[in-house]
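What follows is a short report on a single structure.
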Amino acid sequence: MASGFADEKNGKKCGRSPFVNNPHLDSMKEDILYHFNLNTGTLNFPAKFGDVKFVCVGGSPWRMKSFAEYIAGELGLAVPNAEYPNICESTDRYAMYKVGPVLSVSHGMGIPSISIMLHELIKLLYHARCTDVTIVRLGTSGGIGLHPGTVVITKQPMDATFLPRFEQVILGKSVVRSTELDGDLAEELLQCGKDLAEFDTVIANTMCTLDFYEGQARLDGAFCSYTEEDKQNYLAKAYAAGVRNIEMESSVFAAMCKLSNLRAAVVCVTLLDRQKGDQLSSSHDVLHSYQQRPQILVGHYIKKKLNASKKS
Ligand code: URA
């Protein structure tokens, strides 16, 4: 049965491996990762991706290209005037860039989009026989009671009723999965925020919703059946549950990474304080500089880890 690699092979210790749990994969001659336009029958996955140790995912293809360029510079791997090729170039679903041991992948907006990407990404890491992979979602969010521009490292993703769980209907039945993330990784990332001392960084719970407007208690969508007071009461309840930011992907990201034995973290910058408004009215330049903060933090973390592993 295809169920990942054990941490021990032939009695020898080997790295922690991405885990799949699907007996049907064994009977497939090749695996077509359709939304990446990659195929195990035509590409040698271990040769192409076997050295991947860090995977950074984020909503926008443009942002993940810019992260690839940024991390190439940070790791001294940048080639002057080089264009980083999009590994998924003949599909417009997702974009993927590889810079040494770092894979940068876009996931689109919302739970369905990131979930499809993660199924294929986890299989990619599995087919490539990667070990000891750390995966981080770099994102944007709405803050609650924080200065805009604060970076939130997620302690635990919660649903819109403030429960730390991800619910999915499979074969007509509700399946509830844990959204636990790696606490040590969150602390290491917080330390990186302290090392940099460039912007505020906190660890807190993140609420993951199914929608940007009514699902996040906005008053500026096409439809709204509640008052400003109802909105404020809801945000106050979220705050009391330890929630400091709201986005739309963290719960399924945490659930799937936990199922596949990946060390995972969610690092999102807050673009506004939702207690003070709903519209993203800051200038383009300000929003752009906020969006770079998760990249800077995680870039610092990756550099620190790679330098430490060179020394050991
Ligand atoms: N992303 C969200 O999901 N909500 C916000 O308010 C901002 C970014």
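The values are calculated or read from the model by the stated rules, or taken from the named source; none is laboratory data. Since the structure is predicted, the reported quantities are computational estimates derived from the model, not experimental observations. A quick note on method: Cβ atoms are made from the backbone with ideal geometry, for glycine too, and the neighbour counts reach across all protein chains shown. Just the protein is used for accessible areas: all its heavy atoms, side chains included, with ligands, DNA and RNA removed. Shrake-Rupley method; radii C 1.70, N 1.55, O 1.52, S 1.80 Å.
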Thr140, sole failed condition from (1) open to solvent by 10 Å² or more (accessible area, probe 1.4 Å); (2) under 15 Å from Tyr239 (Cα atoms); (3) among the β-branched types (Val, Ile, Thr); (4) in contact with a helix residue (DSSP H, G or I) (Cβ under 7 Å, 6 or more places away or on another chain): (2)
Residue count, segment 140-175 (criterion: within 20 Å of the chain's Cα centre (by Cα) and of a type in the set (Val, Ile, Thr)): 6
Hits in segment 208-238 - residues which are part of a helix (DSSP H, G or I), within 15 Å of the ligand (Cβ to nearest atom) and open to solvent by 10 Å² or more (accessible area, probe 1.4 Å): Glu214, Gly215, Tyr234
Subset of segment 255-295 [open to solvent by 40 Å² or more (accessible area, probe 1.4 Å) and either basic (Lys, Arg) or within 23 Å of Pro101 (Cβ to Cβ) (or both)]: Lys258, Asn261, Arg263, Lys276, Gln292, Arg293
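Show me the strands (runs of 3 or more DSSP E) entirely contained within segment 143-191 in which 3 or more residues are surrounded by 20 or more Cβ atoms within 10 Å (Cβ to Cβ).
Strands (runs of 3 or more DSSP E) meeting the threshold: 151-158.
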Pairs with Cβ under 8 Å, 6+ apart, first in segment 285-312 and closer than 21 Å to Asp200 by Cβ, second small (Gly, Ala, Ser) and surrounded by fewer than 16 Cβ atoms within 10 Å (Cβ to Cβ): Tyr290/Ser282
Scan of segment 69-125 for residues that are within 24 Å of Ser17 (Cα to Cα), open to solvent by 60 Å² or more (accessible area, probe 1.4 Å) and of a type in the set (Lys, Arg), ordered by number: none
Tally of residues being in a helix (DSSP H, G or I) and within 12 Å of the ligand (Cβ to nearest atom) across segment 265-288: 1
